[in-house]
Structure formats: C-alpha cells, structure tokens
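This report concerns only the one structure given below.
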Amino acid sequence: MRSRTSRGSGGSATGRGTSTPSASAEGSYTAIARQLCRIAGRPGALSGLRDHVDLGEEEAWIEYTADGRRVNWPIEVRDDWADLLVVSYLIDELEHGDWRFHVRHNGQAMTLFFLDDAAAGQLNELTGEQTIAPFPG
C-alpha cells in the first residue's frame, strides 16, 4: 500500500494497496492505524494505540499519542463499516510535505496509496483518467 517516488527526474512510482478493513471488534481501529503508519513509512508516528469497539452497545473510540499529544476520538458505529471520518483524522496525522494518501474507489471498498503529487499525477496520466484522488476523494 505504500508508494514512494524517486525525487529525481523520471522517477517511477510503485504501490501496494489494500481495501479498508471492517471495524467490528476490539483492535480493529488500532490495526487500521498501524497499517496507515506502515504505508506512510512512519511506523512509530502514532504510539500508545488503544481502541474499544462494541457493536451491540454502538460504542467505540480510538486513543493514541502523536507529536506528544494524547488524542481520543469517538467513533460512529455503523454495523462493521469503518468510520471514515476517524480514518481521515489518522491520515491527517501522517501526511507530511507533499506526500499524501490518495484513494481509488472500488465499489464498496477503496484502495489507499501514499504518493507525492507528482507520482499521483503520473499514475492518472498513465491511465488516461483520474484513477486516484487525494483522500477522501
């Protein structure tokens, strides 16, 4: 799911993608956060990750530390669908410089790529259409 482009001219982009996992149990959001950190090449960016998901009680939250700040977000429970607003908060913590998450919608799923703007433009140019867009797209 992570993609990096060489900084020189003529650089090529490589990427791996995954669809957003379901969020139906304890650990679902910490797994999403860890995957986003890995994709962004910042495995320690979000530390002290904890979450709570109780579908029956419709109660969920995620908690982590980023840049010395302790953060706790409530999560909207909608069956086992991941709360994309909370995913966007995690993404905001991880984007840096001109590197950002881009999305390719795939029906009920999506594939995320971590690219600089030039690589995203090259990918769209190669396909002849806007295949990916900055998250949330």
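For the stretch 20-137, what is the accessible area per residue in Å² when the probe is 1.4 Å?
About 53 Å² of surface per residue is accessible.
Taking only the alpha carbons of the stretch 68-137, we obtain Rg and Dmax values of 14.1, 43 Å in that order.
With Cβ to Cβ distances under 11 Å as the rule, what net charge do the other residues near residue 93 carry (K, R +1; D, E -1)? Taking every Cβ under 11 Å from that of residue 93, the sum is -1.
Out of every Cα-Cα pair that the stretch 17-137 contains, those further apart than 22 angstrom amount to 36 percent. For the pair residue 50 and residue 108, a Förster radius of 25 Å applied to the C-beta separation gives a FRET efficiency near 0.35, rounded to the nearest 0.05.
The values are calculated or read from the model by the stated rules, or taken from the named source; none is laboratory data. Because the structure is predicted, anything quoted here is derived from the model rather than measured. Note: ideal-geometry Cβ built from the backbone for every residue, glycine included; neighbour counts use all protein chains shown. Side chains are part of the model used for accessible areas, which takes the heavy atoms of the whole protein and leaves out ligands, DNA and RNA. Shrake-Rupley method; radii C 1.70, N 1.55, O 1.52, S 1.80 Å.
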